[in-house]
Amino acid sequence: MERAVVRCVPSEPKLSLSFALADGSHKNMQRDQSEPLGRALSRIATNALKGHAKVAAAKKSRKNRAHSSGGAACAATGSEPAATCEPVVKLYYREEAVAEDVLNVDAWQDGAVLQIGDVKYKVERNPPAFTELQLPRYIMAGFPVCPKLGLEFGDPASSVFRWYKEVKPGAAEPGDSGLASSSHSLQSSAWIETGVDERVYTPCNADIGLRLKLHCTPGNGQRFGPSRELESVCPVEAGPGTCTFDHRHLYTKKVTEDSFIRTVSYNILADTYAQTEFSRTVLYPYCAPYALELDYRQNLIQKELTGYNADLICLQEVDRAVFSDSLVPALEAFGLEGVFRIKQHEGLATFYRKSKFRLLSQHDISFQEALKSDPLHKELLEKLALNPLAQEKVLQRSSVLQISVLQSTTDSSKKICVANTHLYWHPKGGYIRLIQMAAALVHIRHVSCDLYPGIPVIFCGDFNSTPSTGMYHFVINGSVPEDHEDWASNGEEERCGMSLTHCFKLKSACGEPAYTNYVGGFHGCLDYIFIDLNALEVEQTFQDIQITKCKDLTPAYRYQDDWIQSPPSGIATFIYEFVPSGKGFTASFKENCEYQRLMDIHTAYTYRLMDIHTAYTYGLMDIHTAYTYGLMDIHTVYTYGLMDIHTAYTYGLMDIHTASTSNFANICVQVLCGCLNFSWAVLCHGQNSWVMWKHLPFEKLLEYY
């Protein structure tokens, strides 16, 4: 039986009806839900009649061509076909015809049967269906391909995906690939199965130069909808090889347990800034042009972010199209859901793991609008108004604050406030960043104290402020004096000194690393994840090793970030793991310093942040401690005189000459190894038999007596 698909949603005035006619044409109809069924059936009959007429006309045309080629003798044989009658069209439900005065919304039920002439169609009402299906334009070997999906009445987890790759011209067929059994006309001569039946496919080097095909069937756990397939526009390109984040991924292979929250903050560089002349000639002059292209960079962004298996991801400089067409498909495939806040040309995005959190509410603001109209900021605006020039500059800025309140999926009493921002960028805008941060903390306090009393705060972002600035001082210390130098960061004309305080006890989760931004002419720490010390402590951090050859900047094609386009072997991405507990989210502090190199190795060992094996490797442990922990091989132990002679002899570390020249304890060893006669040892070395008796095994003494 053929299939007739009906889409009927209560919130929409029309329903859609899709089916294939006998002539092979596909019909898509839009009818009012409140329309009587009879009208819809009449329209279907008209469409079917037109289809039959086209078929008849095509047959007549072919017949005339045949007669023309066969000569006049063949002309006018037989009669013209009789005029086609309008086919009978009926709708049946449970084997009974549905009355024509029944409204469409009630008539087209799942399981009904539509009959057009002699052809019957099974009606499927609101089956799972793809509303959108798209592959990335640029695909690289070693990087995951995440199709963009729009799915209605279904879910990706219940859908079926099957990946194929192109057969190289002239390549031998590897046997039956199973394509013939597909419900679609996959050409077995052109495509072979990859063996991957998952939503995400990662091409290998063998796929370079080949196009990919995705065949997918939407499902909802109970039934499947119509299958669709699509091919990649371009073939798979070669990837850059090993990237810096590949090493960090070794530490984040698995999703954290329910009691942990792994958090990532990342400025991914908006395309609108990457393509400027200033970016190409000043910030990233050593970066190949293709590595600044968005299609290329998106592959790096997707692979890096998905490889962290994070629970929370806060991103800055996110293009709207990048969010919807790249980040959402990629991160959704790995279990994360996201929200977006536009600024002007770009904005902020926060993603959270669906298995751990649900989005409870959003409280985003524009600093500009909040200062102008929100009573929460009335006092701050009054202070700012004392300097009209400074006020004008502050209110011109378009920076925004994104706040998401998340609720635990396993314990509804546990909630967390996740804030994300990108403060004003200009080096002389210190006082503007102070005002923006003051407004941000007032708004966060309103959410975390007034709306949801007592919930902990995680505040991520690109703050464009080094640890020596007033903004950082304000956040960490809880206040900033009115005479701080940053109030005059753009000269005395714009000085707007004011004393600011806030009620939070905040800490930078990673401390103050040497840099999170490294571009031509500048490197420093500008990005942070601030945590509420009343409820949060760091369990573990991951960062890259420090740059050791600053003048030897690594080509950008292996990196991704608003500074990494170009540089180095550092990374502005922070990853933190927090442990939830009774009063919110708390944990003990532990750092993987062997990996991240955030501090010099001597300090690391002093604070016991380095495991003993690493400490011994770096020579930070005295030999007695090393021996105690069993970190020294036996040769080194013996060399340093840390091994008693009996053990040394047992391991064969003492030669006969050493044994012969040793003291009385070694004499026993000499006797045991046959270097000295027992009597000779007693007589010549001045040892009495009692001493020898104490130090030699009883069986050995019996031999001598």
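Against the condition out of contact with any Phe, Trp or Tyr (no Cβ under 6 Å at 6 or more places or on another chain) and surrounded by 15 or more Cβ atoms within 10 Å (Cβ to Cβ), how does Asp246 come out, does it pass? No. Scanning for something hydroxyl-bearing (Ser, Thr, Tyr), outside the structural domain of Pro203 (by the TED database) and either in contact with a His (Cβ under 7 Å, 6 or more places away or on another chain) or on the phi > 0 side of the Ramachandran plot (or both), does segment 252-273 turn up at least one residue? Yes; the residues of segment 252-273 include at least one that is hydroxyl-bearing (Ser, Thr, Tyr), outside the structural domain of Pro203 (by the TED database) and either in contact with a His (Cβ under 7 Å, 6 or more places away or on another chain) or on the phi > 0 side of the Ramachandran plot (or both). Summed over segment 500-519, the residues that are under 23 Å from the mean Cα position of the chain (by Cα) and basic (Lys, Arg) give a count of 0.
Within segment 283-325, the set of residues being aliphatic (A, V, I, L, M) and over 24 Å from Gly461 (Cβ atoms) comprises Ala288, Ala291. Regarding segment 103-116, can at least one residue be identified that is surrounded by fewer than 16 Cβ atoms within 10 Å (Cβ to Cβ), over 34 Å from the mean Cα position of the chain (by Cα) and at pLDDT below 90? No, segment 103-116 contains no residue that is surrounded by fewer than 16 Cβ atoms within 10 Å (Cβ to Cβ), over 34 Å from the mean Cα position of the chain (by Cα) and at pLDDT below 90. Does Asp258 satisfy the condition of being over 27 Å from Val519 (Cβ atoms), out of contact with any strand residue (DSSP E or B) (no Cβ under 6 Å at 6 or more places or on another chain) and at pLDDT below 95? In short, yes. Of the strands (runs of 3 or more DSSP E) lying entirely inside segment 323-432, the ones with 3 or more residues being touching a Pro at 6+ places or on another chain (Cβ under 9 Å) and touching a residue at least 40 places away in the same chain (Cβ under 8 Å) are found at 415-422.
For segment 520-534, a residue qualifies if it is in contact (Cβ under 8 Å) with a residue 60 or more places away in the chain and surrounded by fewer than 22 Cβ atoms within 10 Å (Cβ to Cβ), and the qualifying residues are Gly520, Gly521, Asn534. Would you confirm whether or not segment 165-184 contains a residue that is more than 25 Å from the chain's Cα centre (by Cα), at pLDDT 95 or above and in a strand (DSSP E or B)? Yes: segment 165-184 contains one or more residues that are more than 25 Å from the chain's Cα centre (by Cα), at pLDDT 95 or above and in a strand (DSSP E or B). The condition (being under 29 Å from Tyr266 (Cα atoms), assigned by the TED database to the domain that holds Phe463 and touching a Cys at 6+ places or on another chain (Cβ under 6 Å)) is satisfied by just one residue among Ala390, Ala333, Ala349, Ala370: Ala333.
One line per residue, one yes/no per condition, for (1) assigned to a strand (DSSP E or B); (2) assigned by the TED database to the domain that holds Lys120; (3) out of contact with any Gly (no Cβ under 9 Å at 6 or more places or on another chain); (4) farther than 14 Å from Lys120 by Cα:
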| residue | (1), (2), (3), (4) |
| --- | --- |
| Ser11 | no, yes, yes, yes |
| Ser16 | yes, yes, yes, yes |
| Gly24 | no, yes, no, yes |
| Gln30 | yes, yes, yes, yes |
| Gly38 | no, yes, yes, yes |
| Ile44 | no, yes, yes, no |
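Would you please name the residue that is nearest to Arg39 (Cα to Cα), looking only at residues in segment 99-151 that are of a type in the set (Asp, Glu) and either assigned by the TED database to the domain that holds Val322 or not in a loop (DSSP other than H, G, I, E, B) (or both)?
Step one: of segment 99-151, the residues of a type in the set (Asp, Glu) are 100-101, 106, 110, 118, 124, 132.
Checking which are either assigned by the TED database to the domain that holds Val322 or not in a loop (DSSP other than H, G, I, E, B) (or both) leaves us with 106, 124, 132.
On the way: Asp106: 14, Glu124: 20, Glu132: 31 Å.
Restricting to residues being of a type in the set (Asp, Glu) and either assigned by the TED database to the domain that holds Val322 or not in a loop (DSSP other than H, G, I, E, B) (or both), the top hit is Asp106.
Gly470 falls short on exactly one of the conditions (1) surrounded by 19 or more Cβ atoms within 10 Å (Cβ to Cβ); (2) under 23 Å from Glu346 (Cβ atoms); (3) more than 26 Å from the chain's Cα centre (by Cα), and that condition is (2). Could we say that Ser324 is of a type outside the set (Asp, Glu), surrounded by fewer than 22 Cβ atoms within 10 Å (Cβ to Cβ) and in the same structural domain as Gly209 (by the TED database) here? No; evaluated as a whole, the condition is false for this residue. Is it true that Ser189 is in contact with a Ser or Thr (Cβ under 9 Å, 6 or more places away or on another chain), over 30 Å from Asp527 (Cβ atoms) and at pLDDT below 95? Here the answer is no, as Ser189 does not meet what is asked. Scanning segment 433-465 for residues that are in contact with a helix residue (DSSP H, G or I) (Cβ under 6 Å, 6 or more places away or on another chain) and hydroxyl-bearing (Ser, Thr, Tyr) yields a total of 1. Screening Gly497 against (1) under 30 Å from the mean Cα position of the chain (by Cα); (2) in a loop (DSSP other than H, G, I, E, B) leaves a single unmet condition, (1). Scanning segment 457-470 turns up one or more residues that are without any contact (Cβ under 8 Å) to a residue 40 or more places away in the chain, out of contact with any Ser or Thr (no Cβ under 6 Å at 6 or more places or on another chain) and either assigned by the TED database to the domain that holds Met437 or at positive phi (or both). Here is the figure for segment 16-32: residues that are under 18 Å from Tyr93 (Cβ atoms) and out of contact with any Asp or Glu (no Cβ under 8 Å at 6 or more places or on another chain) total 2.
Evaluating Gly430 against the criteria (1) surrounded by fewer than 21 Cβ atoms within 10 Å (Cβ to Cβ); (2) touching a helix residue (DSSP H, G or I) at 6+ places or on another chain (Cβ under 9 Å) leaves one unmet condition, (1).
The values are calculated or read from the model by the stated rules, or taken from the named source; none is laboratory data. All figures in this text were calculated on a predicted structure; none of them were measured in a lab. Cβ atoms come from the backbone with ideal geometry, glycine included; neighbour counts cover every protein chain shown.
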